[in-house]
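> This is the structure I want to talk about, given as structure tokens.
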Amino acid sequence: MTYKSNHKQDKNEWLERLQSSIFENQSRPESKYLQLATVNQKNHPEVRTLVFRECLESSSTLIMHTDIRSDKISQIHTQNCAQICWYFSVTREQYRFTGSIKIIDASQDDKQSQRKQHWLSLSTPAKTSYFWQTPGESLALNQAKQSDEVNRYNIINDDNDSISDNFALLSFAVSEVDHLQLNTTPHTRKRYQLKHHLWQEDTINP
Ligand SMILES: Cc1cc2nc3c(=O)[nH]c(=O)nc-3n(C[C@H](O)[C@H](O)[C@H](O)COP(=O)(O)O)c2cc1C
């Protein structure tokens, strides 16, 4: 039987729960990996794993990093609606987030301090990957060029201002959350929807 109750939230309950999930699962490195699904130009779904980087409480936004040359970028330009699925194995919880993505690249003057802060948080190998050849291109054709580009990165590596133009933040604004908990008997499932700037919560049948 489905139990359903509606009430308006004056605090963001799902976000508080997500922060607890992140904390309670921090012993498992894979807990920072989530799956992002977008829709391609043929209207087919495409899903891939990304590293979760930050949660901005004030805007209910999840931040990830990517390369602007990757396929997901043109897909997001065409259709910015997307879903994230994220499983936490210690607490046995799944979050499914529905929302829209903004791409924060070198062109947004007002977001450069945020972009730089994220760039500086990266390891050298992670920074270097943004100077490689275009993701998805044949390596066999480009191996010599690639080693030139890595060398170029090594030369500028000491300069903290040298953010690769290929480096972008994905800013995922959450509008709906489906939170399934398998660590309870019976399992519990809640849906949170953003309506008129307020979160509405439903308890639904798992
Ligand atoms: C564990 C893991 C973590 C990953 N983290 C990222 C990431 O943070 N950002 C990213 O763009 N790709 C990341 N990838 C690679 C993506 O899954 C994907 O292969 C790549 O971004 C190209 O996707 P696209 O062609 O759909 O754009 C990761 C892959 C794995 C397996």
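> Quick check: convex hull of the Cα atoms in region 22-104, volume per residue, rounded to a whole Å³? Intermediate results must be reported in sequence, preceding the final value.
Details: hull volume 7.9 nm³, N = 83.
Measuring per residue, one finds 96 Å³ for the Cα hull of region 22-104.
> Sticking with this structure for a sec: Please tell me the relative contact order of region 164-206 in percent, rounded to the nearest whole number, where contacts are Cα pairs under 8 Å and at least six residues apart.
RCO, region 164-206: 29 percent.
> Still on this model: Measuring from label point to label point, each 7 Å out along Cα→Cβ, what is the Ile204 to Glu137 span in nm?
It works out to 4.3 nm between the two label points.
> How high is the FRET efficiency from Cys81 to Gln112, r the C-beta distance, R0 35 Å, rounded to 0.05?
Efficiency for this residue pair is about 0.85.
> Based only on Cα atoms, what mean projected area does the convex hull of region 7-204 have, in nm²?
Its Cα hull, projected and averaged over all orientations, spans 13.5 nm².
Bear in mind these aren't lab numbers, they're just calculated from the coordinates by the rules spelled out. Worth saying up front: this structure is predicted, and the values here are computed from it rather than measured. In this analysis, Cβ positions are derived from the backbone assuming ideal geometry, glycine residues included, and neighbour counts consider all displayed protein chains.
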